[in-house]
Amino acid sequence: MTETLDLEKLEQDLIAQVDQASNEQALEEVRIGALGKKGTISAMMKGMGKLDPEQRKSTGQALNALKARVSQAIATQKEVLKKQAMDLRLATEHVDVTLPARKRSEGTIHPVSQVWEEVVQIFGDLGFSVAEGPHIESDWYNFGALNIPDEHPARQEHDTFYFNPDKDGSRKVLRTHTSPVQIRTMETNQPPIRIIAPGRTFRCDSDQTHTPMFHQVEGLVLDSDIHLGHLKWTLTEFCKAIFELDDVKMRFRSSHFPFTEPSMEIDIGCTWENGQVKIGEGDDWLEILGSGMVHPNVIRAGGLDPDKVQGFAFGVGIDRIAMLKYGIPDLRAFFESDLRWLRHYGFSALNVPNLAGGLS
Ligand code: PHE
């Protein structure tokens, strides 16, 4: 009799606990407390071994029935709690269908990085590979090997940043152009050579179109029979591709660089409309790159034989192309890290330039 009462009391207790469980975690604790391995009901079932057969039978039936009813109560409560949780989420979470489909990410790709990548894509497509060199160069790589002897006026024109003299008296420099990579490439590669070398360059100069650090891409093509026609075709194709034009008006203007002979600067036709430049046509000219046939002294300095190897080289300002292509007036703003400027002129990280899909 007491046993029956105990079971009734236990059942009431357990059902009350089940009803009071306010979340699924609490309910699970109740279940373990009653039906788990060490739970109250499981303990009572284990204790039945001590009873005589008659009692064991009736108690067993009662416990099984109790277990079933408690399990049922737990299952029912579980459903109730699940529904409550869902209702709460439906009431508090909602989607604003007027928001743009994809939030614009905070960060943008800098126009210099974008143009850099565009240049690599274009020359990659023409079969060039990418070479690199250090920012800190010896006098030899930056000047001497490039046929710029000590007393040469080009040294002054380069507005060089010099380091303090080394023990042997020589002074390292921050490279003033990417041309030293020509020498480094010749030292470690055999013709045919077809490389570009994009990178940072440094000159002590600052105004609207000059910054102390800027970017260039060097190009070098060497083989036994490379001539001016190859230079002209390659750079024409490059200009069409980078400015995304079917045709560009170009002018190959004779010039002078110590490391090329003959040398020419390349101007591109343009017009000015309301202070904005339009590239590719018109009667005005903009200088965009320096180039020429590599000087025999430079080929020799690179460790190759100028009687067997010849070719062309060029240097383009990446920042200058970015300014022209994307209509950015002041070069200094490129390096001020002003977020408003970056948001305006920057590119989405998803907008990776490739020739098939269009560059910009
Ligand atoms: N190094 C030259 C400059 O910085 C550009 C150039 C490179 C010219 C290669 C000719 C050949 O102005």
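For the range 68-155, the equivalent ellipsoid built from the Cα gyration tensor has semi-axes of 71, 18, 14 Å, listed from largest to smallest. Among 113-120, 90-97, the peptide with the highest mean count of other Cβ atoms within 10 Å heads the list, and the full ranking is 113-120, 90-97.
Compared with the dominant Cα axis of the chain, that is its longest principal axis, helix 53-92 is turned about 40°. Its relative contact order, with pairs defined as Cα atoms under 8 Å and 6+ residues apart, puts the chain at 16 percent.
Here the Gaussian network model covers the chain, with springs between Cα atoms less than 10 Å apart; of LEU235, LEU99, LEU331, LEU99 fluctuates the most. Charge tally for SER206 (other residues, Cβ to Cβ under 11 Å; Lys, Arg +1; Asp, Glu -1): -1. Using a probe of 1.4 angstrom and keeping all protein chains present, the accessible surface of the chain works out to 57 square angstrom per residue. For LYS249, the lysines whose Cα falls under 24 Å of its own Cα, not counting residues fewer than eight places away in the same chain, are LYS232, LYS240, LYS278, LYS325. Considering only ASN297, ASN23, ASN189, the Gaussian network model of the chain with Cα springs below 10 Å gives its largest mean-square fluctuation to ASN23. Each peptide in 248-259, 202-213 receives the mean, over its residues, of other Cβ atoms within 10 Å, and ordering these scores from highest gives 248-259, 202-213.
A simple charge model with +1 on the Cβ of Lys and Arg, -1 on the Cβ of Asp and Glu and nothing else charged puts the dipole of the range 206-351 at about 220 debye relative to its Cα centre.
May I ask you to list the lysines whose Cα is less than 25 Å away from that of LYS78, ignoring any residue fewer than eight positions away on the same chain? Cross-link targets: LYS9, LYS37, LYS38, LYS67. Just to be sure I understand the curve: with the Debye formula and one point per C-alpha of the range 2-92, what is log10 I(q)/I(0) at q = 0.10, 0.11, 0.14, 0.15 Å⁻¹? Listed by q, the Debye log ratios stand at -0.31, -0.37, -0.54, -0.60. Computed from Cα atoms, the angle from the helix 111-125 axis to the main principal axis of the chain rounds to 70 degrees. Find the Rg to Rh ratio for the chain, where Rh is the Kirkwood radius over alpha-carbon pairs and Rg uses the same atoms. Rounded to two decimals, Rg/Rh equals 1.46. Highest mean packing first, where packing is the average number of other Cβ atoms within 10 Å per residue, the peptides 279-287, 217-225 line up as 217-225, 279-287.
Measuring how big the range 193-240 is from its alpha-carbon positions, Rg and Dmax come out at 14.6, 42 Å.
The values are calculated or read from the model by the stated rules, or taken from the named source; none is laboratory data. Please read these numbers as outputs of a predicted model, since none were measured by experiment. Cβ sites come from the backbone with ideal geometry, for glycine too, and all protein chains shown count toward neighbours. Accessible surface areas use protein heavy atoms only, side chains included; no ligands, DNA or RNA. Shrake-Rupley method; radii C 1.70, N 1.55, O 1.52, S 1.80 Å.
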